[in-house]
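Below: the structure, in structure tokens.
The values are calculated or read from the model by the stated rules, or taken from the named source; none is laboratory data. This one's a predicted model, so the numbers in the text were calculated from it and none came from an experiment. Neighbour counts run over all protein chains shown; Cβ positions are idealised from the backbone, glycine included.
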Amino acid sequence: MSRRLPKEREYNLLERERTMVDASPEESLFHNFIKEQLQKMKTARRDAGLGKKTYVPLVTVSIDPGSGGSLVARQVADRLDFDFFNREIIKEIAESVQIKPDVIENIEKERLSGVEDLIASCLRDTYLWPGMYLEHLEKVLYALGEHGRTVVVGRGGNFILSSEKRFSIRVTAPMEARVENIAKAFGVPAAKAKSRIKGRQENRAAFIKKTFHKDVRNPLHYDMVLNTGFMSIGDCTDMICHYLEHKYKLI
């Protein structure tokens with residue numbers, strides 16, 4: 001089951017504009033950034049003649065480290081001409097509040113909840129409590145969900161948006177295959193590759209458990225689960241695109 005929130009909490013840009021009078025300068029900056037990004041996306045779509053195309057829900061892609069899920073997500077976005085957000089959206093938010101890139105890298109590599117700490121540094125001088133972090137994350141994803149035609153990697157979007165607003169995918173592979181992928185990609189011994197995978201995997205699982213009280217590995221949380229240990233990156237991309245193209249009549 002998806003995490004459903006009361007209707008009154010769903011993100012609405014117009015309503016948020018009405019309440020921005022009481023927002024702090026940091027919060028105003030954060031929400032103005034979201035609006036600017038959405039406007040850029042709408043303008044790009046309009047210029048490309050896509051303004052009246054069929055609505056397609058947000059595509060969320062959860063990945064096991066080393067599975068190649070990020071490549072699958074990028075290829076799906078490129079083939080369908082969807083917007084794509086992986087770490088880019090977090091980096092852009094950081095740039096909008098003048099956080100150095102190396103600070104972002106340290107936060108995401110060394111903290112249990114890197115995104116949470118990053119947004120905390122954007123919006124508060126002190127710690128951003130989990131409920132406050134989740135509120136801001138929800139607003140970003142609700143806005144992207146309303147916009148549609150977007151692929152987002154990670155961030156637990158499938159646990160926030162209702163089934164009507166998202167199509168959730170999980171990309172995984174056997175540990176042996178993932179270790180081989182990481183070892184080749186980074187030129188490191190298998191033991192080091194495995195240690196790296198386990199560390200990131202545990203951190204991601206802990207983040208989802210802490211924030212949404214869900215098991216990220218449970219296949220029932222996803223609409224489609226793909227195994228790159230038995231399917232190529234291209235085959236996974238083909239399967240996702242084929243489904244979306246026929247489901248939403250994109251061809």
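Within region 169-199, take every residue that is surrounded by 15 or more Cβ atoms within 10 Å (Cβ to Cβ) and basic (Lys, Arg) and give me the one that is nearest to THR60 (Cα to Cα).
ARG170
Within region 132-183, which residues are among the charged types (D, E, K, R) and in a helix (DSSP H, G or I)?
Listed by number, the residues that qualify are GLU135, GLU138, LYS139, GLU146, GLU176, ARG178, GLU180.
Looking at ILE160, ILE169, ILE182 in this structure, which one is at pLDDT 95 or above and touching a helix residue (DSSP H, G or I) at 6+ places or on another chain (Cβ under 6 Å)?
Exactly one residue qualifies, and that residue is ILE182.
Would it be correct to say that VAL152 is of a type in the set (A, V, I, L, M, F, W, C), under 25 Å from ASP78 (Cβ atoms) and in contact (Cβ under 8 Å) with a residue 40 or more places away in the chain?
Yes.
Failed condition for GLU202, given (1) in contact with a Cys (Cβ under 9 Å, 6 or more places away or on another chain); (2) in a helix (DSSP H, G or I), with all others met?
(1)
Counting only residues that are assigned to a helix (DSSP H, G or I), free of Cβ contacts under 8 Å to residues at least 24 places away in the same chain and out of contact with any Phe, Trp or Tyr (no Cβ under 9 Å at 6 or more places or on another chain), how many does region 186-199 have?
7
Of the residues that sit in region 203-240 and are surrounded by fewer than 17 Cβ atoms within 10 Å (Cβ to Cβ) and in contact with a Leu (Cβ under 8 Å, 6 or more places away or on another chain), which one is nearest to LEU161 (Cα to Cα)?
LYS210
Which numbered condition in (1) exposed (fewer than 14 other Cβ atoms within 10 Å of the Cβ); (2) within 21 Å of THR60 (Cβ to Cβ) is the only one that LEU161 fails?
Evaluating LEU161 over (1) exposed (fewer than 14 other Cβ atoms within 10 Å of the Cβ); (2) within 21 Å of THR60 (Cβ to Cβ) leaves (1) as the failure.
Is it the case that TYR243 is surrounded by 14 or more Cβ atoms within 10 Å (Cβ to Cβ), at pLDDT below 95 and more than 18 Å from GLY154 (Cα to Cα)?
Judged against the criteria, TYR243 is not a match.
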